[in-house]
Amino acid sequence: MMGPAYRFNNSVSVYLTTGISQIKIKGKDFVIGNNDPEYSRDSKTEIAYGAGFLINPTENLSLNIGYEGTSWKHADEKRLKLDGWNASFGYRF
């Protein structure tokens, strides 16, 4: 994903991202009265998005907190929202 970033000062930045996500789903469907499961698969390419901020408390340390998400339109026309929060840190040697 890619997008713009804005640096408030040497320590704090915010960013927005957008890109493409590839979603693959595999599953077993069990039907009452039938002992053999039915296997289903589906995959879609959808638009993904995100936002977050970076904090650089020192010159060599960075902390990142962000949100990323996408949605998926299933065969039954219902939209499934897939999203999550992430946190990371980095150290420059």
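Figures for the structure shown
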| quantity | calculated |
| --- | --- |
| Members of region 46-93 found to be under 16 Å from M1 (Cα atoms) and among the β-branched types (V, I, T), listed by number | I47, I65, T70 |
| Matching residues, region 1-37, being among the acidic types (D, E) and open to solvent by 80 Å² or more (accessible area, probe 1.4 Å) | D36 |
| Yes/no for I25 being part of a strand (DSSP E or B) and more than 30 Å from P4 (Cα to Cα) | yes |
| Subset of region 38-93 [among the hydrophobic types (A, V, I, L, M, F, W, C), open to solvent by 60 Å² or more (accessible area, probe 1.4 Å) and without any contact (Cβ under 8 Å) to a residue 40 or more places away in the chain] | I47, L63, I65, A75, L80, W85, A87, F89, F93 |
| Positions within region 1-59 being of a type in the set (S, T, N, Q) and closer than 24 Å to A87 by Cβ, in sequence order | N9, N10, S11, S13, T17, T18, S21, Q22, N56, T58 |
| Among (1) assigned to a strand (DSSP E or B); (2) within 22 Å of G90 (Cα to Cα), the one test that N9 misses | (1) |
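The values are calculated or read from the model by the stated rules, or taken from the named source; none is laboratory data. Fair warning: this is a prediction, and the values are worked out from it, not measured in the lab. For neighbour counting, all protein chains shown are included, and Cβ atoms are generated from backbone atoms with ideal geometry for every residue, glycine included. When the accessible area is computed, the model is the full protein with side chains, heavy atoms only, and any ligands, DNA or RNA have been set aside. Shrake-Rupley method; radii C 1.70, N 1.55, O 1.52, S 1.80 Å.
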